[in-house]
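Have a look at the structure below before the remarks.
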Amino acid sequence: MSAFSLFPRRSLSSPISAFLTASAALATVAVEIPAARANDLIVKYDQSQLLRLPRPAAEIIIGNPTIADVSVQGGNLLVVTGKSFGITNIIALDADRNIIQDQRVLVQRDEVRVVNLQKGSKRESYNCSPQCNPSITIGDDPAFFASVSANTERKLKSSEGGSEGGGAGSN
């Protein structure tokens, strides 16, 4: 006797069955991750990639500037930096507003030397190359993220002060 035979059977037309079927369909859609295409530019979060255009661009349009940023180097060389996880595109136009290139950009996490520490539902990220140090990663626990961000900011301010003659070695 199976465990299911202990419960009364419901037809598929019952409201509960319809709800469960719809919920399962939505859950499947919600976790679907688009696959990378052969011509996609894959950029790692907080890193840059070079993109060479076939000819110089007069204008660059970024679909979602919170995902990627672009700077132009010499007209036809773009530096694309991953700012947040996701998918966007970059459109390069010439002086006559003709499309030079429409490039899809995927910003992904660099998992090679990253360790994620899960504390219940809270995540902390560490960059382990060669020692494990906290890293600022979108999606981490907000308190951890704020703490690491504040420490990074203090470090940057300290190093900027050091480059103006007030740093280590100048007593």
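Numerical summary
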quantity: Single residue of the range 86-102 satisfying the filter (surrounded by 12 or more Cβ atoms within 10 Å (Cβ to Cβ) and polar (S, T, N, Q)) that is farthest from residue 74 (Cα to Cα); calculated: 88
quantity: 2 or more residues closer than 26 Å to residue 127 by Cα: qualifying strands (runs of 3 or more DSSP E) within the range 33-113; calculated: 41-44, 48-52, 68-73, 77-82, 86-93, 99-108
quantity: Count of the range 143-166 residues which are surrounded by 12 or more Cβ atoms within 10 Å (Cβ to Cβ) and at pLDDT below 80; calculated: 1
quantity: Of residues in the range 103-122 being surrounded by 15 or more Cβ atoms within 10 Å (Cβ to Cβ) and hydrophobic (A, V, I, L, M, F, W, C), the one nearest to residue 61 (Cα to Cα); calculated: 105
quantity: Some residue of the range 107-129 being of a type in the set (Lys, Arg), in contact with a strand residue (DSSP E or B) (Cβ under 8 Å, 6 or more places away or on another chain) and at pLDDT 95 or above; calculated: no
quantity: From 81, 66, residue being surrounded by 14 or more Cβ atoms within 10 Å (Cβ to Cβ) and in the same structural domain as residue 45 (by TED's automatic domain parsing); calculated: 81
quantity: Some residue of the range 132-151 being under 25 Å from residue 39 (Cα atoms), part of a strand (DSSP E or B) and under 18 Å from the mean Cα position of the chain (by Cα); calculated: no
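The values are calculated or read from the model by the stated rules, or taken from the named source; none is laboratory data. All of these numbers come straight from a predicted model, not from anything done at the bench. Every residue, glycine among them, receives a Cβ derived from its backbone with ideal geometry; neighbour counts consider all protein chains shown.
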